[in-house]
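To keep things clear, I will list the structure first and then write my remarks on it.
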Amino acid sequence: MTKTFMDRGDGRLPRGLLLLMSAATGLAVAGNYLAHPLLDLIGGELGLSPSLAALVVTAAQLGYGLGLILLVPLGDLVERRRLAVMLYAATSVFLLVSATATSGAALLAGTVLAALTSVGAQVVVPFAATLARPAERGRVVGTVMTGLVLGLLLARTASGALADLGGWRTAYWVQAGLMALMAVLLRVFLPRLRTSAGLSYPALLRSTIGLLRSEPVLRWRAGIAAMALASFSVLWTALTFLLAGPAYGWTESAIGLFGLAAAAGALAASVAGRLADRGHVQKITAAGAALMLASWLPIGLGGRSLLWLVVGVVVLDLAQQAVLNSNQNVVYALRPEARNRVNSAFMTSYFAGGAAGSALTSLVWAHAGWSGVSVLGAVLSAGALALWAGERLTVRRSRNSSAHSAPAAAAVTG
């Protein structure tokens, strides 16, 4: 590592570098959520129906998922700073494709490509986890994920405001410029870090998939995370149509500002990280999944009541971030030498769940409206809670089996 990282003298990650990495993750993920408050506006200009416009959200999640499985594992093969800088620069270019799109097909293509390379955020997260001391890893990951959550939420607010100023394309132009700036800052301030796995690229991808087979905890946690993001995506995909529809009749900028109501979710990532460092990771997952399920009652009532809607959204965001951070703390401890591949397998499953949630929302909204969407979100949250219970039951049985076999083995050897 470079002298920049070592300057503290105590081995801790410098606060300035941590904040830069947090901002970088937030900015990268923000580009995938610019379209959320703009779906009506985009659909109107490009001649897309609401269900087709919603595919922009799905395309971003699918592109991100592809990047997670194809690009993030490269962090275990090539120098990580170079990889992060290249991905941020490429994202800037692909955002320009979306900014100049004149058809739905062109916008979808730009969205998929920008999302594909925006996984630079998921190169930065395990980068920070690797630089952190084990005793502070939860706090560090929580801080970086706080930036990610703020980027996700504030993207909606910023894109709505920018759309009011200069049309929906303005949001993409501004985001492209910011990603180019971040590529420069990462090149200047990130330390060089290489942890080569000694594998070819095809072998690296096979190894990533193999981790899901060989690490049962990774499978359970990936499933929990996928269900949680699916539920989260149900809300944010349908919310634009609810707020722009007859029940509320809000403008794009007002819809974007609604993201501020959920900004409290960013606090959950940092708090959950600190609690995980103290050994409470299982309780965090259980409480988060239970709160996600409970949040869908006020969200359902929010079809006609803004107060209930705000309450439900805040609770859902807090809970989802707690579930995500607790999952990350568990999986990052599994295989430190393969942390990028572990992150790739975990996050690919996570965002595949989000894409599935968005796609299902488009269908359910068309046939059952807000009530159907609320039921769908609750079912997916219940799935996350059930998977956590399944993981705990499996671990308990494994421990009991080991405890019963140990005396028998002792008797035989004795």
* Do we find that G75 is at pLDDT below 90, among the small types (G, A, S) and within 30 Å of L260 (Cβ to Cβ) in this structure? -> no
* Asked: Within the set of pairs 6 or more residues apart or between chains, which connect a residue that is among the acidic types (D, E) inside region 380-396 to a residue that is in a helix (DSSP H, G or I) with Cβ atoms less than 7 Å apart?
  -> E391/W220
* Which one of these is over 12 Å from Y172 (Cβ atoms) and hydroxyl-bearing (S, T, Y): T102, T91, T111? -> T102
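On the basis of being within 20 Å of the chain's Cα centre (by Cα), crowded, with 24+ Cβ neighbours inside 10 Å, on the phi < 0 side of the Ramachandran plot and part of a helix (DSSP H, G or I), does V323 make the cut?
Working: within 20 Å of the chain's Cα centre (by Cα): yes; crowded, with 24+ Cβ neighbours inside 10 Å: yes; on the phi < 0 side of the Ramachandran plot: yes; part of a helix (DSSP H, G or I): yes.
Judged against the criteria, V323 is a match.
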* To do: Look through I299, I255, I284 and report the one residue that is modelled with pLDDT under 85, among the hydrophobic types (A, V, I, L, M, F, W, C) and in a helix (DSSP H, G or I).
  => I255
* **Per-region count, region 350-374, residues surrounded by fewer than 24 Cβ atoms within 10 Å (Cβ to Cβ) and within 20 Å of V57 (Cβ to Cβ)** => 15
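The values are calculated or read from the model by the stated rules, or taken from the named source; none is laboratory data. Because the structure is a prediction, the values reported are computed rather than measured. Counting neighbours? That spans all protein chains shown, and the Cβs are built from the backbone with ideal geometry, glycine included.
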